[in-house]
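Here is the structure we will look at, set down as structure tokens.
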Amino acid sequence: MKRKDFSKFGYLFAAIVVLVIFLVYTNLQERKIEERREEALTPLIASSALEGCNYVVISKAGEDDVELLRKNGRWYVQLPERLFPALPEDVDDFFHYFNAIKPESIVSEDKAAFADFGVDEESGVTVRFFSSVESDTPVAELVMGKSGPDYHSVYARKAGDGRTYLIPENQSTLWNRKAKLWRDTYPFRESREDIHSIAIRTADETFTVALGDDGFWAFGGGDPNTVNQEQTVGLISRLTGLVGLSLVDDVESQHGLDNPEWEFELGVGERTVTLSVSEEIEQKRYLRNSELDQVYQIGAAPLQGVKTARRDYVQREDETEETEGTAGAAEEAPEE
């Protein structure tokens with residue numbers, strides 16, 4: 001082979017090598033981009049990571065922490081003076097959001113850009129999930145940020161990770177609210193089955209009914225009269241079904257609760273809770289839960305016509321006979 005031909009072959013071989021290197025490099029870059037894309041579509045918190053979570057801390061620089069604690073199967077929010085029941089629907093929405101939180105893309109891999117996306121220590125909101133109050137290590141930790149003029153500019157990063165992710169759904173109200181806004185607005189969120197006694201107090205009289213071992217309600221104090229079971233169960237349903245219009249934090253005004261129209265003292269398990277209800281004021285009433293030391297504004301309609309006199313809870317003889325007659329007729333009715 002001539003020297004000139006050999007040189008041409010060498011140039012061709014070199015060109016082929018460069019082309020192969022270029023193709024390999026391009027392929028690696030495309031694979032890297034694809035891996036980054038797949039990683040971006042992976043949820044930031046593993047689906048099972050929050051199952052055993054019983055304590056949540058939400059922190060932001062310069063503001064008080066928000067602490068959510070699960071106790072005896074119920075979520076509470078920590079207020080300066082005590083724990084207060086948290087609204088279950090809000091807690092459910094909060095966990096549903098973070099259980100499924102999935103980024104749309106990686107917008108930065110530079111820690112220096114944290115401030116640009118609002119996920120730095122100064123402006124970001126840190127959400128930490130713990131298995132218990134005693135635990136020092138969170139099972140999951142994210143820093144959430146809101147940056148930019150548009151509604152969808154929500155970002156997140158995992159603790160210890162330099163990458164910042166774009167979050168496609170804006171639910172910032174779930175993790176960016178004051179502790180008092182987590183409070184449950186229901187005046188008496190209890191199970192009817194847990195109530196075993198009711199003392200009803202009005203300006204005219206006070207009487208008590210209690211659940212006996214036989215499963216029937218009976219008057220207290222040795223009163224021999226039979227209690228109207230339906231009336232009693234109906235009262236419990238009304239009290240446990242009340243919906244608060246708002247919580248009242250105005251401690252200066254008593255809203256008529258210094259002289260309530262009714263008081264219902266309820267035995268709930270080993271606890272005693274008194275619900276004091278004001279007279280009707282402009283189609284509304286005010287209710288104080290003694291256990292929570294909280295006043296609620298409620299509509300007047302749910303308590304319209306509520307029975308608070310002892311005579312209303314005495315089973316009349318004609319009602320008893322009618323009930324027994326109906327039951328007897330049902331037993332004697334021929335089978336079809």
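Just list whichever of LYS178/LYS284; LYS102/LYS178; LYS146/LYS284; LYS158/LYS180; LYS146/LYS180 have alpha carbons separated by over 29 Å in the model shown.
LYS146/LYS284
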Pairwise centroid distance, computed over Cα atoms, of region 128-202 with region 230-250, Å: 26
Two-site FRET efficiency, ILE281 against ALA203, from Cβ-Cβ distance with R₀ of 22 Å, rounded to 0.05: 0.80
Cα gyration tensor of region 192-323 - equivalent ellipsoid semi-axes, whole Å, descending: 28, 16, 13
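Kirkwood Rh and Cα-based Rg: tell me the resulting Rg over Rh for region 241-309, rounded to two decimals.
Dividing the radius of gyration by the Kirkwood radius yields 0.95.
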Trypsin sites (Lys or Arg not before Pro) lying in DSSP loop within region 167-198, provided at most 11 other Cβ fall within 10 Å: LYS178
Whole-percent pair-distance distribution, where bins are 10 Å wide, for the alpha carbons of region 54-150: 14, 41, 33, 12, 1
Loop GluC sites (Glu not before Pro), region 219-288 (other Cβ atoms within 10 Å of the site Cβ: 11 or fewer; DSSP): GLU252, GLU270, GLU282
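Read-outs throughout are calculated quantities, based only on the coordinates presented, and are distinct from any laboratory measurement. Small disclaimer: the values here were computed from a predicted structure and weren't measured. Here the Cβ is made from the backbone with ideal geometry for all residues, glycine too, and neighbour counts use every protein chain on show.
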